[in-house]
Amino acid sequence: MIRKEQPVRLVILGEGEERSKLESLVHKFKLEDDTSMPGFVENPYAYVARSSLFVLFSAWEGLSNVLIEAMECGCLIVATDCPADLAKF
């Protein structure tokens, strides 16, 4: 587990219908001291530019502009694969 090797902080930006589920998971796994969920922010680049790693997992986006923007800010990227054929959705 990375938290045993070095200090880490999870920051989740944005609002959505899954927020309460995310908050429950943070509590369940006792991550309150290492997690921040500020919600919607006017300038997400202020957060991204100070980040070491940007994680995007999506069932819908093949290539999100936010990935390119995070790379421009110098972040390492972790992203999940998703179906290329969106016509079936």
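The values are calculated or read from the model by the stated rules, or taken from the named source; none is laboratory data. Only a predicted model underlies this, so the values are computations on that prediction, with no experimental measurement involved. Please note: Cβ atoms are built from the backbone with ideal geometry, for glycine as well, and neighbour counts cover all protein chains shown. Ligands, DNA and RNA are excluded from the accessible area calculation, which covers all protein heavy atoms including side chains. Shrake-Rupley method; radii C 1.70, N 1.55, O 1.52, S 1.80 Å.
Select from segment 7-21 the residues that are in a helix (DSSP H, G or I) and open to solvent by 60 Å² or more (accessible area, probe 1.4 Å) and write down the one among them that is nearest to Asn43 (Cα to Cα).
Filtering segment 7-21 for residues that are in a helix (DSSP H, G or I) and open to solvent by 60 Å² or more (accessible area, probe 1.4 Å), the one nearest to Asn43 (Cα to Cα) comes out as Ser20.
Looking at Ala46, Ala87, which one is modelled with pLDDT of 90 or more and part of a helix (DSSP H, G or I)? If you could, list the steps in order and put the result at the bottom.
On the way: Ala87 fails: modelled with pLDDT of 90 or more.
Result: Ala46 is the single residue among Ala46, Ala87 that is modelled with pLDDT of 90 or more and part of a helix (DSSP H, G or I).
Scan segment 30-43 and give yes if some residue there is in a strand (DSSP E or B), surrounded by 13 or more Cβ atoms within 10 Å (Cβ to Cβ), at pLDDT 90 or above and of a type outside the set (Ser, Thr, Tyr), otherwise no.
Yes, that holds for at least one residue.
Looking at segment 57-73, which of its residues are outside any helix (DSSP H, G or I) and either modelled with pLDDT of 90 or more or in contact with a helix residue (DSSP H, G or I) (Cβ under 6 Å, 6 or more places away or on another chain) (or both)?
Start the filter on segment 57-73 by keeping residues that are outside any helix (DSSP H, G or I), which leaves 57-64, 73.
The answer is Cys73, and nothing else.
Which pairs do you get when a residue that is free of Cβ contacts under 8 Å to residues at least 24 places away in the same chain, found in segment 1-19, comes within reach of a residue that is open to solvent by less than 100 Å² (accessible area, probe 1.4 Å) and in a loop (DSSP other than H, G, I, E, B), reach meaning Cβ atoms under 8 angstrom, with the pair 6+ apart or on two chains?
Ile2/Val8
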